[in-house]
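Inspection log for the structure reproduced underneath, given as structure tokens.
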Amino acid sequence: MFLRKKPNKSGSVSIQVVKKIGRTNKVIKTMGYSKDKLEIEQLCLLAEEFIVQQKGQTSLALFELESHEWFAEVLNSIQRIDLIGPELILGSLFDQIGFNLITDELFKHLVLSRIINPSSKLKTVRDIKMYYGIEYSVDSIYRYMDKISSTLKEQIQLISYEHTLSILGGQISIVFYDVTTIYFEAEKEDDLRVAGFSKDGKHKHPQIVLGLLVSVEGYPLAYDIFPGNTYEGYTMLPIIDGFKTKYNLSQLVIVADSGLINKKNINELVEKEYDFIIGARIKNEREIVKEKITNKQLKDDECIVINKSDSLRLIIHYSQRRAKKDKYNRERGLKRLETSLNNNKLNKSHINNKGYNKYLTMEGEVNIKINYEKYHADQKWDGLKGYLTNTGYKPKLLMKNYKELWKIEKAFRVSKTDLRVRPIYHRLQDRIEAHICISFASYKLYKELERRLNNSNTNISVQRAIELIKTIQQITIEHKPSKTTKTALLKITEQQQKLIDLAKS
């Protein structure tokens, strides 16, 4: 049996329990229908409880067929069967990171639940009851979130920093910074939730901007949130300055993408004596610099270095593989423009520098056409990538460090997909900040699980490990004559045992 959400023509959604019989699906029960998201969620919970009850009755019917007295006696001795995997493995890693310094047990439950089954607070309440046998109300979780928003943020970042420091050999000298946007399932804006440029393509939704600082290997160090219409370039220095001051770091190399940088930021980085490696916008350079770049016919994996000042260097690298990708993307972008133009889907509003719209131009007041001369001129930039730096790093080492930025992109991808940090349904700022705080701790725990898996050579992915964790169960049996109870893990597989051993290492 499984749950099915069936869209109706009226716009409502019917929640059904369906059973596969042969090659067809039969509706066993319709729990109800609604257009309201909260009501739909509640109907889903009812459906899931119905499925569990039906499966239990089926199992019980099978047990009733068993006539052996010893089997009945064993069944009568079973007090309960608990899902112990999350606490046994993730709970152990949670403690080893140092998050157990936060004595609120609910915090631990919320962090683990975001990894095991990221969902709404309503479903989290159900999961905590199933995993731990502890009952919370949704209101009690909201009250807790109101409390932790201002008290735990600094402590959680400190714990994450100190643990990262320990696994990296006691030194953090290079950090990576990037931002993303997180949208809300709401229409009303406020001081924090403001519509802006959305990296998720949700431009009409209110959003916040999340800045994240990570170490080598992508271990999270610090974060902050900003109003949704904040220019991402203004978010970097406040977080980095705070991080450097808090931990009294004398030397710090910052790696960031070109989208975060402008002349003002570069000047501030130089004034504050930061070393940096930044993606360069080589097409925006002065004409004399662009001529130096394009006149040099670089071979595959070859670099040139252009000194911009006494301290600033521009490193240009050429890659045949990147050139093929650039050419492919350019041709695909042109085809999309041509299709839209032929279908009369382009107007004045499309004439801008966003993506491949830069090839559009206007003749007179109404005729829009594609500037093919500009399109072909862009070919000379295929395969070229620029890096601006004030470090003394050689080009190969510089590019190696810059490539680590993909790990912060992975951090955002994991947070948005595996941990489902967005969309956010909370309205109050305290709860929004608490939600991000819990997600930050969850990502740190996720990364520690990933690190242990990589170091143990188990050939188990993080996603597979989480699936296995959700199948490790513990049985509690009562010895009736002595009225004592004993617990034991139900039979486990070799992979499950590897995860248990991994959590102890």
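The values are calculated or read from the model by the stated rules, or taken from the named source; none is laboratory data. Note that this is a predicted model, so its numbers are computed, not measured. All Cβ positions, even for glycine, are placed from backbone atoms using ideal geometry, and neighbour counts span all protein chains on display. The accessibility values were calculated without ligands, DNA or RNA, using every heavy atom of the protein model including side chains. Shrake-Rupley method; radii C 1.70, N 1.55, O 1.52, S 1.80 Å.
A few remarks follow.
- Sorted peptide list for 125-131, 382-388, 78-84, criterion being average Cβ within 10 angstrom, highest first: 382-388, 125-131, 78-84
- Portion, in percent, of the accessible area of the chain that falls on carbon or sulfur, probe 1.4 Å: 49 percent
- When the chain is described by a simple charge dipole with +1 on each Lys and Arg Cβ and -1 on each Asp and Glu Cβ, the residue from His435, Tyr356, Leu502 located farthest towards its positive end is Tyr356.
- Segments 436-449, 338-351, 210-223 sorted - mean Cβ within 10 Å per residue, highest first: 436-449, 210-223, 338-351
- With the highest mean first, a sort of the peptides 327-334, 310-317 on other beta-carbon atoms found within 10 angstrom per residue produces 310-317, 327-334.
- Alpha carbon convex hull of the chain, projected area averaged over orientations, nm²: 32.2 nm²
- Length gained on full extension, Ile134 to Lys354: 74.1 nm, using 0.36 nm per residue less the C-alpha separation.
- Under-5 Å amide H pairs with Asp275, H placed in peptide plane, nonlocal only: Leu252, Ile254
- Pairs from Lys5/Lys470; Lys263/Lys369; Lys244/Lys264; Lys447/Lys486 whose Cα-Cα separation, in the structure shown, is over 26 Å: Lys263/Lys369; Lys447/Lys486
- Gyration tensor verdict on region 455-499 (Cα atoms; rounded if a/c is under 1.5, prolate if a/b is larger than b/c, oblate otherwise): prolate
- When the chain is described by a simple charge dipole with +1 on each Lys and Arg Cβ and -1 on each Asp and Glu Cβ, the residue from Gly386, Asn295, Asn455 located farthest towards its positive end is Asn295.
- Each Lys and Arg Cβ is given +1 and each Asp and Glu Cβ -1; about its Cα centre, the chain then shows a dipole of about 1940 debye.
- Net length gained if the chain between Glu467 and Lys486 were fully extended (0.36 nm per residue, minus Cα distance): 4.2 nm
- Computed FRET value (nearest 0.05) for Glu39 with Lys264, which takes r as the C-beta separation and R₀ as 41 Å: 0.25
- For region 222-293, accessible area per residue (1.4 Å probe, heavy atoms of protein chains only), Å²: 49 Å²
- The residues of region 99-157 expose, per residue, 43 Å² of accessible area to a 1.4 Å probe.
- Residue-wise HN-Hα coupling along region 294-303, computed from phi with Karplus coefficients 6.51, -1.76, 1.60 (Hz; x: Gly, Pro): 7, 6, 8, 7, 6, 8, 4, 6, 9, 10
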